[in-house]
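Asker: There's a structure below that I have some questions on.
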Amino acid sequence: MARAVAFHSATGASDFLGLRQGRSGETEIVYDDGVARRMVWRVAGPRPDDRGLQEALSRAVNQRRVVPALYAELRRRAIAVEIVAG
């Protein structure tokens, strides 16, 4: 992944999910609820398909409970993550 990609909730909520490249070149997922909660995960294991990651984030950000939806979407695509901050 060469650049950052951002997804905002289409429901009007302030939820945000994004993909970025970490300092060491690894892919990271960032969640921010727009109020008080910010979480960062590092994609573990072999590098997954960018399209699959982007689709997972796009679907999850529009759900009522974004973080559980994100975990479900990542699990569905067999993408492993490890928490960095949150």
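Asker: Would you tally the residues in segment 46-84 being among the charged types (D, E, K, R), assigned to a helix (DSSP H, G or I) and closer than 16 Å to Phe7 by Cβ?
Answerer: 5
Asker: When the residues of segment 19-36 are filtered to those that are of a type in the set (D, E, K, R) and modelled with pLDDT of 85 or more, which remaining residue is farthest from the chain's Cα centre (by Cα)? Steps first, answer last, please.
Answerer: Let us first name the residues in segment 19-36 that are of a type in the set (D, E, K, R), namely 20, 23, 26, 28, 32-33.
From what's left, modelled with pLDDT of 85 or more: 20, 26, 28, 32.
Numbers: Arg20: 9, Glu26: 13, Glu28: 7, Asp32: 10 Å.
Top of the filtered list is Glu26.
Asker: Among the residues of segment 69-86, write down those that are within 14 Å of Asp49 (Cβ to Cβ) and of a type in the set (Lys, Arg). Working first, answer last.
Answerer: The initial filter retains those residues of segment 69-86 that are within 14 Å of Asp49 (Cβ to Cβ), namely 73-74, 76-80.
Those that are within 14 Å of Asp49 (Cβ to Cβ) and of a type in the set (Lys, Arg): Arg76, Arg77.
Asker: Say we look at segment 26-45 and pick out the residues that are hydrophobic (A, V, I, L, M, F, W, C) and outside any loop (DSSP other than H, G, I, E, B); which of these is farthest from Ala10 (Cα to Cα)?
Answerer: Of everything passing the filter in segment 26-45, Val43 is farthest from Ala10 (Cα to Cα).
Asker: Continuing with this model, one more query. If you go through segment 53-71 one residue at a time, how many are exposed (fewer than 15 other Cβ atoms within 10 Å of the Cβ) and either more than 16 Å from Phe16 (Cα to Cα) or charged (D, E, K, R) (or both)?
Answerer: So the answer is 3.
The values are calculated or read from the model by the stated rules, or taken from the named source; none is laboratory data. The shown structure was predicted, so the numbers you read here are calculated from the model rather than taken from an experiment. Reconstructed Cβ throughout: ideal geometry from the backbone, glycine too, with neighbour counts over all protein chains shown.
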